[in-house]
């Protein structure tokens with residue numbers, strides 16, 4: 001049952017289904033769910049809800065406790081805190097981490113924890129480095145993810161496009177999204193790998209507005225140093241990197257304060 005619930009996060013599964021699947025009485029299923037609930041709570045890795053009634057059942061929400069979230073972020077900071085990662089323009093090399101399945105699982109669960117009590121319909125990102133992050137978050141939220149393109153593909157069909165200003169270079173760029181991928185009124189979480197000036201995130205916000213959808217929140221893996229005013233408001237970052245005074249350092253972002261305070 002634990003494996004099935006983990007593979008179907010945030011999905012309401014009826015006790016009748018479990019009873020038929022495992023050949024057990026509902027009373028036995030209820031007792032086993034109680035054990036699973038306590039174990040997840042003790043380990044701080046998920047929340048199991050049971051809803052009574054004919055239409056009720058069990059629903060598992062993968063999430064981190066505050067202690068586990070702090071431990072994971074500290075581990076991520078340790079992996080990023082290497083001055084050799086600093087690239088020209090104040091960017092940071094993160095491709096090795098964003099290609100590591102274990103790191104992606106941790107990031108996905110962390111970001112999903114922020115929205116465990118919110119209604120999310122879609123996870124949005126822009127090509128290319130944000131794709132594995134969005135996929136991991138979407139898996140834990142059990143929601144689809146959509147990819148905003150810098151240029152349209154013929155396989156996307158008709159698209160909606162917006163022009164946006166890059167926050168760091170101040171250049172005008174364009175992004176597009178297929179009309180079929182986002183519905184009016186959808187609740188959207190935006191995920192990206194790196195935040196500097198905020199131009200890309202602001203462009204995705206404009207695109208969400210064009211579709212008549214609702215922005216629930218914005219999340220990035222790492223937030224870089226930026227002189228001046230960013231083009232977006234609130235954004236949750238797991239890690240913050242500082243490259244001032246010819247020194248490079250990484251520290252926790254605003255995630256813990258945003259989610260647990």
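The values are calculated or read from the model by the stated rules, or taken from the named source; none is laboratory data. What you are looking at is a predicted structure, and each value in this text was computed from that prediction instead of being measured. Glycine gets a Cβ as well: all are built from the backbone with ideal geometry, and neighbour counts include every protein chain shown.
Observations, loosely collected:
- Filtering segment 107-131 to residues that are touching a helix residue (DSSP H, G or I) at 6+ places or on another chain (Cβ under 7 Å) and surrounded by fewer than 20 Cβ atoms within 10 Å (Cβ to Cβ) leaves only 129.
- Residue within segment 21-30 that is touching a residue at least 24 places away in the same chain (Cβ under 8 Å) and surrounded by 15 or more Cβ atoms within 10 Å (Cβ to Cβ) present: yes
- Scanning segment 179-197 for residues that are under 17 Å from the mean Cα position of the chain (by Cα) and either over 14 Å from residue 133 (Cβ atoms) or in contact (Cβ under 8 Å) with a residue 60 or more places away in the chain (or both) yields 186, 187, 188, 189, 190, 191, 192, 193, 194.
- So residue 51, is it in contact with a strand residue (DSSP E or B) (Cβ under 8 Å, 6 or more places away or on another chain), outside the structural domain of residue 248 (by TED's automatic domain parsing), exposed (fewer than 15 other Cβ atoms within 10 Å of the Cβ) and modelled with pLDDT under 95: yes
- When 70, 129, 79 are screened for being in contact with a strand residue (DSSP E or B) (Cβ under 6 Å, 6 or more places away or on another chain) and closer than 21 Å to residue 194 by Cα, only 129 passes.
- Applying the criterion of being within 24 Å of the chain's Cα centre (by Cα) and in a loop (DSSP other than H, G, I, E, B) to the residues of segment 156-178, the residue that is modelled with the highest pLDDT is 166.
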